[in-house]
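I have placed the structure first, in the form of structure tokens, so that the comments after it can refer back to it.
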Amino acid sequence: MHDLLDDYTHSNALINTSPRLKLLLGLGAMLICISSATPIAPLFIAITMSLITVGIAKIPGRFYCTLLLIPLSFALLSSGVVAFMHGGGSQLFAMNLFGFMFEIRDDGANLALLLIARTFGGMCSLFFISLTTPMMEIFSVLKSLGLPDFLVDLSMLMYRYIFVFIDQAHLIHNAQVMRLGDAGIKNTLNSHAMLSGVLFLRAWEQGERLIVAMDARCYDGKLVLMEQGAKAKPRAIFAVVGYLVVVEAIVFLTKDIQLL
Amino acid sequence: MTFIIETRNVSYSYGDGMEAMRGVSISLEEGRKIALVGPNGAGKSTLMLMFNGILRPTSGEVLFHGQSLRYDPASLRELRRKVGMVFQNSDDQIFAPTVYQDVAFGPVNLGFPEEKVKRYVGYALAYVGLCGYERRPPHHLSGGEKKRVAIAGILAMEPEVIVLDEPTSNLDPASSEEIMDMLDELKCGGKTIIISTHDVELAYRWADEVILMEGGRILKRGTGQEVFGDPGLINKARLKLPIVVDIYRELVSRGLLSDSNPPRNVLELTDLVESRNRGTISRGTTGKIHIADVDKVGPDEINSILEGAHISYAGAMGTNAKALAERAGIILDFTYGVIDKCILKSLSGKDSLIMTSGGMVDRSVKRIQTYCEESGAKIEVVKLSSLEGPDVNPDRR
């Protein structure tokens, strides 16, 4: 019925590797992306992370590409603006529009390139985490890192009910479309407002039922967490650390290189 | 006789003044399968919610083991541990993000140590046939699997009574029969099972005792035959007769059968028609029924029995037996209503094999014996329980 990230997460080939290690790899790569002064390291991360996600975790390539298009389109738009806004350096491109001069200069272009590369690399790292690590494992890592119980419990319940409400929203939407609720902008907006309202009420009711269900099973303030996921294998730890060192080295070695 | 749950003159009105329950007094015996039957809005769910103290009667009292319910938190916890409730909508009940967590919820909140929690969860999941599902999120489960998880969550608290609100609604026929089979198995283990349903076929066939409700009152209680023997009452309760009873009544009104107790199932109905036709039933040779205890007989042996003897039909009862059949690659002809189906096949001269385990083995043998005594048919039961080979149950020869 729906194509959810979560479904791919539960069927990826890296599901049985240590969640801590996967988080280390993803977050480490992300931090390096942000700290890099040139676009080279982030682009390297983007390519390698994509290869890992598609090649090793066996996420379908087609799906992965469509997923990447979303952040990429944002990045392209905003970096376009940045390229025009920043002056300095030699002029690369200029045009006259209704008496206003629009120009791209060296600094602006470099910044835009860096922006795209960072977004791209960061998103690839984030997708690596979200496509290989089920939420539950992330929760248990968070708990072991000392996040208060009530926050973890609350997020777990929210996570569980997201899917119930996606189903409900889907059903309501179908019911509306079936009776032409999407005919024209006015109707669509109206239907959407109704959907939101009904969903809010349902969420409220579900909350009441949740309390009854928990009470009926002797709720005493405790929600269990699965034990930690698989232990990391020495070889995998070595590979992750090695990868991060290599990327960091690239950052260091390329810090003075200007692409334009 | 021990009553496990009693209500005395219980009434209940909801906040808006709607009366859902008007002076209901019932006493439920321990270790039975009880079905509350009635139309929508008859008060079945309201009554069930009182059994474990979720609703408190406006007047009257509810008793558990002869003790009036107390509604302080400690007593309620104790009660809810002993009276487990499975809600109609599994999504209301399964609130944890993985199967393991959901089943472990009860035991953890009862303060069991971690090792015990694990053991109980493992046992409960094995019982409902969902081993290996621990890490699955509920939204990746089918309706039948969700229902099993919900039941496992209750089983892990080791209740004495299991209350199920419309356990088979929204399930496909095979899943619902499997759930009902599982409830049979639980009843054999000594638990009291109470379900609410408006599926008359199910209630008629399954329940030891049927309680017919309408408009917040009890219209009639008794065995399925007693309750469904009164078409006027059934009509009044906006229900319909089970198809077996309906056919039987039509046959009687055409003078094909004499009027007595309606048959309980297809088997009894066929027997009635046959004995009317031929004077007796099953003159021809009956088929053998083999019963294999899967705790004692391995898959290889069962396969060799299937190849050796001329067994035309195989059926399995209980999750263990079904799991074994799947492992051994045995194609099952019957996965529910197995004993009756095998008797029917035996009467038409075909051999069959029932795979089952634990107390269900003796229950199957007893069921076939009772049938033979009542109908005068001779069916040979071969019990395969030892590893040395088939030993023939002496008293059936």
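The values are calculated or read from the model by the stated rules, or taken from the named source; none is laboratory data. Values in this document were obtained by computation on a predicted structure and should not be read as measured data. Cβ placement follows ideal geometry from the backbone for every residue including glycine, while neighbour counts extend to all protein chains displayed.
Annotations for the structure displayed:
- Condition broken by B:Val149, with the remaining ones in (1) without any contact (Cβ under 8 Å) to a residue 60 or more places away in the chain; (2) surrounded by fewer than 24 Cβ atoms within 10 Å (Cβ to Cβ) satisfied: (2)
- The listed residue being within 16 Å of B:Val86 (Cα to Cα), part of a strand (DSSP E or B) and of a type in the set (S, T, N, Q), out of B:Ser196, B:Ser169, B:Ser176: B:Ser196
- Tally, over segment B:317-356, of residues that are at pLDDT below 80 and among the small types (Gly, Ala, Ser): 2
- Residue list for segment B:65-105, restricted to those being within 7 Å of chain A (Cβ to nearest Cβ), assigned to a helix (DSSP H, G or I) and either on the phi > 0 side of the Ramachandran plot or not acidic (Asp, Glu) (or both): B:Arg77, B:Arg80, B:Arg81, B:Gln93, B:Tyr100, B:Gln101, B:Ala104, B:Phe105
- Filtering segment B:158-196 to residues that are within 14 Å of chain A (Cβ to nearest Cβ) and either within 25 Å of B:His65 (Cα to Cα) or crowded, with 21+ Cβ neighbours inside 10 Å (or both) leaves B:Glu158, B:Pro159, B:Val161, B:Ile162, B:Val163, B:Leu164, B:Asp165.
Results for (1) aliphatic (A, V, I, L, M); (2) at pLDDT 90 or above; (3) outside the structural domain of B:Gly337 (by TED's automatic domain parsing); (4) surrounded by 20 or more Cβ atoms within 10 Å (Cβ to Cβ), shown as yes or no for each residue.
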residue: B:Arg205; (1), (2), (3), (4): no, no, yes, no
residue: B:Asp208; (1), (2), (3), (4): no, yes, yes, no
residue: B:Leu212; (1), (2), (3), (4): yes, yes, yes, yes
residue: B:Ile218; (1), (2), (3), (4): yes, yes, yes, yes
residue: B:Arg221; (1), (2), (3), (4): no, yes, yes, no
residue: B:Gln225; (1), (2), (3), (4): no, no, yes, no
residue: B:Pro231; (1), (2), (3), (4): no, no, yes, no
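- For segment B:139-157, the tally of residues that are in contact with an Asp or Glu (Cβ under 7 Å, 6 or more places away or on another chain) and within 11 Å of chain A (Cβ to nearest Cβ) stands at 1.
- The residue of segment B:106-138 that is surrounded by the most Cβ atoms within 10 Å (Cβ to Cβ), among those that are within 8 Å of another protein chain (Cβ to nearest Cβ) and in a helix (DSSP H, G or I), is B:Gly106.
- Residue match in segment B:149-162 (condition: out of contact with any Gly (no Cβ under 7 Å at 6 or more places or on another chain) and either assigned to a loop (DSSP other than H, G, I, E, B) or basic (Lys, Arg) (or both)): yes
- A:His192 being within 14 Å of chain B (Cβ to nearest Cβ), part of a helix (DSSP H, G or I) and exposed (fewer than 15 other Cβ atoms within 10 Å of the Cβ): no
- The one condition in (1) under 30 Å from B:Gly153 (Cβ atoms); (2) free of Cβ contacts under 8 Å to residues at least 24 places away in the same chain; (3) more than 14 Å from chain B (Cβ to nearest Cβ); (4) hydrophobic (A, V, I, L, M, F, W, C) that A:Leu199 fails to fulfil: (2)
- Being closer than 30 Å to A:Gly80 by Cβ, among the β-branched types (Val, Ile, Thr) and free of Cβ contacts under 8 Å to residues at least 24 places away in the same chain is a property that does not hold for A:Ile129.
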